[in-house]
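Step one of this worksheet: look at the structure below.
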Amino acid sequence: MKPFVARPLSACCLALAALAPLPARAQAVVNPPPQNVLTLSAQATVEVAQDLLILTLGITRDGSDASAVQTQLRQVLDAGLAEARKAVRPGQIEVRTGQFSLSPRYTSKGGISGWMGVAELVIEGRDMTAISQLAGRVQGMTVSRVSFALSREARDRVEGDAASQAITRFRARADAYAKQFGFGGWGIREISVNHGDAPMHAPAPVYRARAMSVASGDEAQPIEPGKTQVVVTVNGSIQMSAR
């Protein structure tokens, strides 16, 4: 048996060993730590009148028998739906049911003394005068809540205007800051656009069903929508450069 003799590494093996650390060094060169990066934001606000009315009609019933209370609520709600559906116009007047609940009333000893039920009919849309008149024709129900909002069409239009203003302001700030720091140009590294509403006034008051009744016939209730502010914010970072 021949004795084991250690042989020197070949030139090829030595070359591969020398090249082994290069990928790590190459990666460090390809992805250097960010430099001359500036984070900033810009915001634009557009004031707009709320053009969507949400009017809720409610009815309450109570009695000793749960089934009888539920039947009474359903009869009034069905009649109200039948009347309201005659006036439905997509986008202008929409109708849907709201809350429908039945809950027990308890005695001081914990027993059930009766039942109380609530049913709601919600009318919403952009034709505020017609909605108010329709509420007056629904028999047996009274106004429980009135609120206002911004329609999807109005929101899309206003958000587009606000976004355009916010982006213009972001670019102007990027130009100004880059020059102030002694750079001749810049490029966007990352960007995000966010939007939301900022009510200008307190929310519309909640009207209790027992405290307010709608007028009969086609007489419209006085309704005045408020205003809201659509806010768009642009956040991002830029890479400042020599040109």
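The values are calculated or read from the model by the stated rules, or taken from the named source; none is laboratory data. Just so it is clear, the structure is predicted and the values come from calculations on it, not from any experiment. Heavy atoms of the whole protein, side chains included, go into the accessibility calculation; ligands, DNA and RNA do not. Shrake-Rupley method; radii C 1.70, N 1.55, O 1.52, S 1.80 Å.
Would you please classify the overall shape of the range 35-98 from the alpha carbon gyration tensor, given that a ≥ b ≥ c denote the square roots of the eigenvalues, rounded means a/c under 1.5, and beyond that prolate means a/b larger than b/c while oblate covers the rest?
On the way: a/c = 4.78, a/b = 2.47, b/c = 1.94.
Prolate shape, in that a/c is at least 1.5 and a/b is the bigger ratio.
Find the relative contact order for the range 80-146 and round it to a whole percent, using C-alpha pairs within less than 8 Å whose residues are 6+ positions apart.
Reported as a whole number, the value is 35 percent.
Ignoring ligands, DNA and RNA, what percent of the 1.4 Å accessible area of the range 51-178 is carbon and sulfur?
48
So who's got an amide H within less than 5 Å of the one on MET141, skipping anything under 5 residues away but keeping other chains? H placed 1.01 Å off N, in plane.
none
In square angstrom, what is the accessible area per residue of the range 43-199 with a 1.4 angstrom probe?
55
Using the Karplus equation 6.51 cos²θ - 1.76 cosθ + 1.60 (θ = phi - 60°), what ³J(HN,Hα) coupling, rounded to whole Hz, does each residue of the range 134-141 give in order, writing x for Gly and Pro?
These are the phi-based 3J(HN,Hα) values: 4, 4, x, 8, 7, 7, x, 10 Hz.
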